[in-house]
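Enquirer: So that we are looking at the same thing, I have put the structure below in structure tokens.
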Amino acid sequence: MKKRAQVGIVGAGPAGLMLSHLLHLAGISSIVVESRSRSYCESRVRAGLMENWAAEMLIATGAGERLKREAMIHEGIHLAFNGEAHKIDFAKLIDRRVYVYDQKEVVTDLIAKRLGDGGEVIFEVENTSVHDYQAGDRPVIRFTQQGQQHEIECDFIAGCDGFHGICRASLPEATWREYDRVYPFGWLGILSESPPPDHELIYSFHKNGFSLFSMRGPELSRLYLQCDPDEDAEEWSDEDIWNELETRLQGVRPLKRGRILQKGVTQMRSFVCEPMRFGRLFLAGDAAHIVPPTGAKGMNLALADVRVLSQALDAFYQKKNEDLLDAYSATALRRVWKGQRFSWWMTQMLHRYHQGEYAEFDMKRQLAELDYVTSSTAASTSLAENYVGLPIA
Ligand code: DHB
């Protein structure tokens, strides 16, 4: 079957769905295709932190009703080291706050909004491919569904299909380059039926490694432990996980244990694809760049990309002006690289480098950096403004 939309969007994550929503508000038609099922998209637990402007964008565009009711608004975070927690007080330093609201909730809300507004989101598609975006003005997305061949003819394609998606993979080799950094550790993450040790997040540095104490509700904790990158989550018993979390939080707060509902290992990688535009194909979100999770910038960078892209497409359709489309890659990458820098900086400050000739020097250097960041107003303000989100373009 042949379909037609102004913008064809591959991927129903935060980037693809928010783009479709913003385009709809600008009177531009789009169709989203997604290889996973709707329930998979709505239930996968991901990072849970929204920058100030991102939450406000959801609210201002009419997709933030549940966020307004359910998100937890945090005025700061704690950095813990040497058995003591130090608050970085965003509210006091810069009068801004962050929202704790899981990415899957954002996805759930945006799917409901798009479908409620008559939008088209096609789940469980297979064999998706993108064509004719380098030359001409009629790119095409092809896919199959239950054995049937389908085609979407569009003016533009947005590749919002994540790090392992088909859009970046389809690019001719010589047209782009990657900037890549792999870290020698991973995160073991759990969701547990237990109250978090503090009502705000604790990022903890310990000689055994990093740990993070986050939450999804007053009785639901989201906790992470630095582990080896190739570790199998199933090899950690619940008892081992709790013991290690407790060790790394020793002296900072007491830790209540509870039933572990879910566990998994996350890889740590920084990656950027440049440019982010290829003729009439635009990459956005994880399809173009990923960050290590420390600081939870991934979804926020994705939302910032599609905000820029939707404005550029709006200028194209409203005023026949292609300047913003031409500038998309450079505009998006400016923010992406600042997000990369911040995520790398938080990661290198808080994780233990167990091996290598500089491991012991680094530990002392990291403790000095934590001492500085938590005692200098200039340094804690810098952390605060990056954490709550730099100004949007
Ligand atoms: C969460 C994840 C992060 O990577 C982070 O920096 C803060 C919070 C979370 O899942 O709650």
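The values are calculated or read from the model by the stated rules, or taken from the named source; none is laboratory data. Just so you know, these numbers come straight off a predicted model, no measurement behind them. Cβ atoms come from the backbone with ideal geometry, glycine included; neighbour counts cover every protein chain shown. With ligands, DNA and RNA removed, areas are computed over all heavy atoms of the protein, side chains included. Shrake-Rupley method; radii C 1.70, N 1.55, O 1.52, S 1.80 Å.
Enquirer: Given a 1.4 angstrom probe, what's the average accessible area per residue across the chain, in square angstrom?
Expert: Working: 16830 Å² over 393 residues.
Ligands and nucleic acids excluded, the figure is 43 Å² per residue.
Enquirer: Let me ask something else. Just flag the GluC sites (Glu not before Pro) in the stretch 145-227 sitting in loop per DSSP whose Cβ has no more than 14 other Cβ atoms within 10 Å.
Expert: GLU219
Enquirer: Follow-up. Regarding the stretch 245-297, what are the three Cα extents along the principal axes, ordered largest first, in Å?
Expert: The Cα atoms of the stretch 245-297 stretch 55, 24, 14 Å along their principal axes.
Enquirer: Specify the residue with the greatest mean-square fluctuation among PRO229, PRO184, PRO172, computed from a Gaussian network of the chain linking alpha-carbon atoms under 10 Å apart.
Expert: PRO172
Enquirer: Quick one: putting +1 on the C-beta of Lys and Arg, -1 on the C-beta of Asp and Glu, what dipole do you get for the chain around its Cα centre, in Debye to the nearest 20?
Expert: Details: 45 positive and 54 negative charges, 173 e Å.
Computed charge dipole of the chain: roughly 820 debye.
Enquirer: Report the Cα centroid-to-centroid distance between the stretch 281-337 and the stretch 125-146 in angstrom, as an integer.
Expert: The distance from the Cα centre of the stretch 281-337 to that of the stretch 125-146 comes to 21 Å.
Enquirer: Looking at the P(r) of the chain, how many percent of alpha-carbon pairs lie beyond 41 Å?
Expert: On the way: 11475 of 77028 pairs.
Everything past 41 Å amounts to 15 percent.
Enquirer: Given the convex hull of the Cα atoms of the stretch 198-297, what is a quarter of its surface area in nm²?
Expert: The Cα convex hull of the stretch 198-297, projected and averaged over all directions, gives 8.3 nm².
Enquirer: Which aspartates and glutamates, on any chain, are close to LYS3 with Cα under 14 Å apart, when same-chain ones fewer than 8 places away are left out?
Expert: By straight Cα distance, LYS3 reaches GLU120, GLU151, GLU153, ASP155.
Enquirer: Please report the base-10 log of the normalised intensity I(q)/I(0) for the stretch 106-231, using a Debye sum with one equal scatterer per alpha carbon and no solvent, at each q in 0.11, 0.12, 0.13 (1/Å).
Expert: Those come out to -0.72, -0.81, -0.88, one per q.
Enquirer: Moving on to the next point. Relative to the longest principal axis of the chain, what angle (0 to 90°, nearest 10) does the C-alpha long axis of helix 323-350 take?
Expert: 20 degrees
Enquirer: Taking the Cα atoms only, what angle lies between the long axis of helix 359-375 and the longest principal axis of the chain, rounded to 10 degrees?
Expert: 80 degrees
Enquirer: On a 0 to 90 degree scale, rounded to 10, what angle separates helix 14-25 from the longest Cα axis of the chain?
Expert: Rounded to the nearest ten degrees, it is 50.
Enquirer: Say the cut-off is 28 Å between C-alpha atoms; which of LYS263/LYS297; LYS207/LYS256; LYS113/LYS263 go over it?
Expert: On the way: LYS263/LYS297 21 Å; LYS207/LYS256 22 Å; LYS113/LYS263 30 Å.
Beyond 28 Å: LYS113/LYS263.
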